[in-house]
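Visitor: Below are the structure tokens for one structure; questions will follow.
Any read-out appearing in this document is the output of simple, stated calculations on the displayed coordinates, not a laboratory observation. On a predicted model such as this, the values are computed, not experimentally measured, just so you know. Cβ placement follows ideal geometry from the backbone for every residue including glycine, while neighbour counts extend to all protein chains displayed.
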Amino acid sequence: MDPTKTESAARPASFGRALWAFAWKLALVVALVYGALQLLVRSDFFRAQVEKELSRLAGMDMRIGRMRATESLNLRIRDAIGISDVAGIEARLARIRWRLIRPRGEPMLESVRVDGLALTVAPDENGRIQPAFLARLSRSIFEWTGLPAPTGLAAAAANAAAPAAEPETSAALADWVRGPLVFRGVSVRWQDARGDLQASVSGMDVIWMSMVTPNGRRVSHLECRAAEIKIVGGPRITGLHVELVEADGKRFLVALDAADWGGAEPPPPPGAEARELLDAMDRPPK
């Protein structure tokens, strides 16, 4: 028997065994790391960190009923609740998707989807709107519809100092989530500092999405639909639809309509002023 042939035949077999041993060990390490991450998500330490971040965003203490990781290590949070003296949050199911590998400057959160969200919005004794992240949105909703803000909330916003009224959470959504940001089945109650109901929204869906153009500009799109808006002592609006586009820090109203304005004066359609200007240019001078 030729010893050289025996040696050459043994080399591929030896290399194959080494490759198999390496692949087996690598698979074992990956399985152990994956299992450890699944256990970490269920740990009290990780829960405390998530609750701390949610509390910072909301401006009130938040508690989580149950939190699990999906097969792709994204988060599913059930029954997140936050209650203060004047306001409250309750989210039935939140799904958070993140990216561990992302371009420089891009946020870690890929998308946030929340089903069954109930909010109670009210000013505290210092005039700050709680939950904190709804301070700006609470004012914008009534501006979009052209309706006056509820008396209690308008007074609180006027009395609050500008730096205090805009907390750290008022930074652009694009700084902490890429999108989409989706809220389904939202109900909101606006109350004054005494706890009296000022306005409410039911059956609301909100979808927000942001993208970066090739020249580095960011463009965002927001669409909001609400089954019903009630203002105490004011109109009752049904079937509201609002659509906004934001580019380079400027907002453009794309759509604003409702099935029934409930006696309120319907706002002019988007682009009405531009249409009037163009029509005026077509008319001959007198």
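Visitor: At 0.36 nm per residue, and after removing the present C-alpha to C-alpha distance, how many nm does the segment from Ala23 to Asp196 gain when stretched out fully?
Guide: On the way: separation 173, 0.36 × 173 = 62.28 nm, distance 6.52 nm.
That works out to 55.8 nm of additional length.
Visitor: Pop out the ³J(HN,Hα) list for the range 221-234 in order, Karplus 6.51 cos²θ - 1.76 cosθ + 1.60 with θ = phi - 60°, rounded to Hz; leave Gly and Pro as x.
Guide: After applying 6.51 cos²θ - 1.76 cosθ + 1.60, I find 10, 10, 10, 9, 10, 10, 5, 7, 10, 10, 10, 4, x, x Hz.
Visitor: Right, something else. Given the range 57-120 reduced to its alpha-carbon atoms as identical point scatterers, what log10 I(q)/I(0) does the Debye formula return at q = 0.13, 0.29 Å⁻¹?
Guide: -0.42, -1.20
Visitor: Determine the principal axes of the Cα atoms in the range 20-73, then give the extent along each, sorted from largest to smallest and rounded to whole angstroms.
Guide: In descending order, the Cα extents are 53, 17, 17 Å.
Visitor: What order, most packed first, do the peptides 33-41, 251-259 have when packing is the mean number of other Cβ atoms within 10 Å of each residue? Walk me through the numbers before you get to the answer.
Guide: Values: 33-41: 12.0, 251-259: 14.2.
For the peptides 33-41, 251-259, the packing ranking is 251-259, 33-41.
Visitor: Rank by packing, highest mean first: peptides 233-244, 110-121, with packing defined as the count of other Cβ atoms within 10 Å averaged across residues.
Guide: 110-121, 233-244
Visitor: Provide the packing ranking of 182-192, 91-101, 214-224, i.e. peptides ordered by the mean count of other C-beta atoms within 10 Å per residue, highest first.
Guide: Working: 182-192: 19.1, 91-101: 15.3, 214-224: 13.4.
The packing order, highest mean first, is 182-192, 91-101, 214-224.
Visitor: For the range 64-69, take each phi angle, set θ = phi - 60°, evaluate the Karplus expression 6.51 cos²θ - 1.76 cosθ + 1.60, and give the result in whole Hz per residue in order, putting x for glycine and proline.
Guide: 10, x, 8, 9, 9, 9
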